[in-house]
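The values are calculated or read from the model by the stated rules, or taken from the named source; none is laboratory data. Predicted model, so just to flag it, every value in this text is computed and none were measured. Cβ placement follows ideal geometry from the backbone for every residue including glycine, while neighbour counts extend to all protein chains displayed.
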Amino acid sequence: MVLADRVSKSFGTNQVLKSISLTVKRGEVMCLVGPSGSGKSTFLRCINHLEVVSAGRLSVDGDLIGYREANGRLYELHPREAARQRREIGMVFQLFNLFPHMTALQNVMEAPQVVKGLSKTQAEQRARDLLDRVGLADRSDYYPAHLSGGQQQRVAIARALAMEPKLMLFDEPTSALDPELVGEVLDVMKGLAKSGMTMIVVTHEMGFAREVADSFVFMDGGVVMESGKPSEVLANPQHKRTQAFLSKVL
Amino acid sequence: MTADGPNGSEPPDEALESAPIQAIRLRHPWRTVLAGVLILLLALFVIDAARRPAYDWPSVAKYIFDRRISRAAVNTLQLMVYAMVIAIVLGVILAVMRLTPNPVVKSVAWFYIWVFRGTPVYVQLVFWGLLAVIYQNIDIGIPFMKPWFSFETNAALSTFTLAVIGLGLNEASYMSEIVRAGLLSVNRGQEEAATALGMSWFQTMRRIILPQSMRVIIPPTGNEVISMLKTTSLVTAVPYSFDLYTRSRDISAETFNPIPMLIVASIWYLFFTSILMVGQYFLEKRFARGVGDRQPDRKVVAGADPPASPGAGGVR
Ligand SMILES: Nc1ncnc2c1ncn2[C@@H]1O[C@H](COP(=O)(O)OP(=O)(O)OP(=O)(O)O)[C@@H](O)[C@H]1O
Ligand SMILES: [Mg+2]
């Protein structure tokens, strides 16, 4: 589903990602872990083409992200094409980024209506189903400012799901939440994983990683230090940096 | 046991519960004195003004609802409304142009603002008045070919139209900066979230960024509307002479009595300004949706979360 082949990314002279190679198969959940500044967010943003990769190839479901390849040359995609690729990829942000001028329901309805051209009734039906699925059916008419952090993040998940993505990216979805609200968001994500969604999750929730993830990747300084089954890496980290980091978060 | 009483670990009982505070209100004697002095001064001024013949109140009363004046007031209002409509629409377009990733479009907007904000509105109005002198005919079509339409400038554009265009195009350069400030005030995460959902740059602007920027845009726009109402008094430069100020001055030229006409004009300006301020108040309330501390319309959030019941989603 996701194939990263020696992906690098630099901001000016600062190389943030260094030759990252990863695969995520359809229906798999990958947890991406690493210290602050290791390039986890940048990697997720590259998958969604919010950042442009400087070297290497990144493809989702066989589609090269951001470029078209013909006759051995790369052509930049038209923004319209890039937008089409993003539709298939849902993203959930650390700070939710809900649209504050819309109710929860409108937040979820917006993209299907505007981007996919769904009718209002269709979009509303879908939005109500999704809000129900994340346990917020009774909050559909609330504005984000009147929802708790955990509820906002669940609306944000529903909003991403409304575009029926094949892949979901989560960038530290629980790290802005009070501890007692983390569980409700993780529960929704577990349900999603069980339903067969392909997911890449940047998180510091090792319990979640152990329980749900199919693969576990530890990044540091823009490099993949270690990857494998979560149970194995967590129980028996090979690398010094991994050991040091895990001893802090576990 | 959760709280310790003052004398150890007694549970707080009814009798110990503190009584509601009934403090003596802090007095502000100087406020009262200041207000008194001001009221006194105002009263003196009013009494004096009412008696002073130069104000000529009977003339004020006579002219305030004079047909010519009320007609002129309507003209002023129309000038302001049309010019502001042009200014706001064009201002939004220019602001969005300045923020596009397209460098050509960006420079066009920059150039427009440079010219129209960099020269006095009075000078611009005089220029618009001379349009017919500079361009006797206006041709629409492909350059160097036979035009599709051709019309004589003087016949096609009245001084009123020219005044509206002149005021509107000038104001657009200011409005665009106000709108741009509003667009920039919206959190970057909003654009990112919309982009990640597959919305195009234009959809993101129109549906997500622009509506949120309204809260920042409206107060200074209210300012501009009121300022425009008064700037219309410059249209005599075009020359258009049926606006409120020019008309009242023309009347006073006949009566040789300028002061009551100035008062008449001021009263009308103040009247319109007051209405505009009320309108602004309601607009601001409308665009505070989701950010004010207003509770959702249907339900009041009770202290605790009711358990999410599937299917209990509100039906409007
Ligand atoms: N737009 C940008 N311009 C320049 N440098 C950037 C930009 N975005 C990120 N960086 C740099 O890239 C590095 C990696 O950032 P990134 O946000 O990917 O880290 P992260 O692993 O997600 O960290 P955190 O856990 O704190 O979110 C950082 O050193 C950061 O300063
Ligand atoms: Mg990050």
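Does A:L95 meet the test of being closer than 27 Å to A:A123 by Cβ, surrounded by fewer than 22 Cβ atoms within 10 Å (Cβ to Cβ) and either β-branched (V, I, T) or within 16 Å of ligand 1 (Cβ to nearest atom) (or both)? Spelling it out, A:L95 is indeed closer than 27 Å to A:A123 by Cβ, surrounded by fewer than 22 Cβ atoms within 10 Å (Cβ to Cβ) and either β-branched (V, I, T) or within 16 Å of ligand 1 (Cβ to nearest atom) (or both). For the stretch A:1-38, residues that are surrounded by fewer than 22 Cβ atoms within 10 Å (Cβ to Cβ) and within 16 Å of ligand 2 (Cβ to nearest atom) total 6. Can you tell me which residue within the stretch A:194-211, out of those that are surrounded by fewer than 21 Cβ atoms within 10 Å (Cβ to Cβ) and closer than 22 Å to A:V60 by Cα, is nearest to ligand 1 (Cβ to nearest atom)? In this case the residue turns out to be A:M197. Inside the stretch A:16-42, can you point out the residues that are more than 8 Å from ligand 1 (Cβ to nearest atom) and either aromatic (F, W, Y) or free of Cβ contacts under 8 Å to residues at least 24 places away in the same chain (or both)? Listed by number, the list holds a single entry, A:T23. Filtered by the rule that a residue be within 16 Å of ligand 1 (Cβ to nearest atom) and under 30 Å from A:S59 (Cβ atoms), the stretch A:166-193 gives A:L169, A:F170, A:D171, A:E172, A:P173, A:T174, A:S175.
If you scan the stretch A:183-208, which residues turn out to be free of Cβ contacts under 8 Å to residues at least 40 places away in the same chain and either closer than 18 Å to A:V249 by Cα or of a type in the set (K, R) (or both)? Before you say what the answer is, go through the steps one by one.
Narrowing the stretch A:183-208 to residues free of Cβ contacts under 8 Å to residues at least 40 places away in the same chain: A:183, A:185-187, A:189-190, A:192, A:194-195, A:205, A:207.
Matches in the stretch A:183-208: A:G183, A:L186, A:K190, A:K194, A:E205, A:G207.
Going through (1) surrounded by fewer than 19 Cβ atoms within 10 Å (Cβ to Cβ); (2) away from ligand 1 (no atom under 11 Å from the Cβ); (3) under 29 Å from A:M225 (Cβ atoms) one by one, A:I65 falls short only on (1). Scanning the stretch B:81-90 for residues that are of a type outside the set (S, T, Y) and surrounded by fewer than 24 Cβ atoms within 10 Å (Cβ to Cβ) turns up B:V81, B:M84, B:V85, B:I86, B:I88, B:V89, B:L90. Of all residues in the stretch A:41-92, those that are under 27 Å from A:L186 (Cβ atoms), away from ligand 2 (no atom under 16 Å from the Cβ) and part of a helix (DSSP H, G or I) total 2.
Scan the stretch A:43-90 for residues that are without any contact (Cβ under 8 Å) to a residue 60 or more places away in the chain and β-branched (V, I, T) and the total you get is 3. When the stretch A:103-149 is filtered for residues that are over 23 Å from the mean Cα position of the chain (by Cα), surrounded by fewer than 22 Cβ atoms within 10 Å (Cβ to Cβ) and more than 7 Å from chain B (Cβ to nearest Cβ), the ones remaining, listed by number, are A:G117, A:L118, A:S119, A:K120, A:T121, A:Q122, A:E124, A:Q125.
Could you list all residues from the stretch A:154-205 that are within 14 Å of chain B (Cβ to nearest Cβ), among the charged types (D, E, K, R) and within 16 Å of ligand 2 (Cβ to nearest atom)?
Of all residues in the stretch A:154-205, those within 14 Å of chain B (Cβ to nearest Cβ) come to A:154-173, A:176, A:178, A:180-181, A:183-185, A:187-188, A:191, A:200.
Subset that is among the charged types (D, E, K, R): A:154, A:159, A:164, A:166, A:171-172, A:178, A:180, A:184, A:187.
Once the filter is applied, which keeps residues that are within 14 Å of chain B (Cβ to nearest Cβ), among the charged types (D, E, K, R) and within 16 Å of ligand 2 (Cβ to nearest atom), the stretch A:154-205 yields A:D171, A:E172.
Tell me, please, whether a residue that is of a type in the set (A, V, I, L, M) and under 27 Å from A:E172 (Cβ atoms) can be found in the stretch A:116-126. No; the residues of the stretch A:116-126 include none that is of a type in the set (A, V, I, L, M) and under 27 Å from A:E172 (Cβ atoms).
A:S59 satisfies every condition listed in (1) more than 14 Å from chain B (Cβ to nearest Cβ); (2) polar (S, T, N, Q); (3) within 13 Å of ligand 1 (Cβ to nearest atom) except (3). Cβ-Cβ contacts under 7 Å between residues 6 or more apart (or on different chains), taken from a first residue in the stretch A:169-182 that is within 23 Å of A:G27 (Cα to Cα) to a second residue that is within 11 Å of ligand 2 (Cβ to nearest atom) and among the aliphatic types (A, V, I, L, M), are listed as A:L169/A:L44; A:F170/A:V202; A:D171/A:L44; A:D171/A:V202; A:E172/A:V202.
Every listed requirement among (1) at pLDDT below 95; (2) in contact with a Phe, Trp or Tyr (Cβ under 7 Å, 6 or more places away or on another chain); (3) of a type outside the set (D, E) is met by A:A104 save one, (1).
Selection within the stretch B:233-292: residues that are aromatic (F, W, Y) and surrounded by 14 or more Cβ atoms within 10 Å (Cβ to Cβ). The member of this set that is farthest from B:P53 (Cα to Cα) is B:F287.
Quick check: is even one residue across the stretch B:150-161 free of Cβ contacts under 8 Å to residues at least 12 places away in the same chain and not small (G, A, S)? First the steps, then the outcome.
In the first step, residues of the stretch B:150-161 are kept if they are free of Cβ contacts under 8 Å to residues at least 12 places away in the same chain; the result is B:155, B:158, B:161.
Okay, now just the ones that are also not small (G, A, S), so B:161.
Within the stretch B:150-161 (the criterion being free of Cβ contacts under 8 Å to residues at least 12 places away in the same chain and not small (G, A, S)), the answer is yes, since at least one residue qualifies.
Sort out for me the helices (runs of 4 or more DSSP H) sitting completely within the stretch B:172-264 that have 3 or more residues that are more than 17 Å from the chain's Cα centre (by Cα) and within 30 Å of A:H49 (Cβ to Cβ). It would help to see each step written out before you state the result.
Numbers: elements: B:188-196, B:210-231, B:244-255.
Filter on the stretch B:172-264 gives B:188-196.
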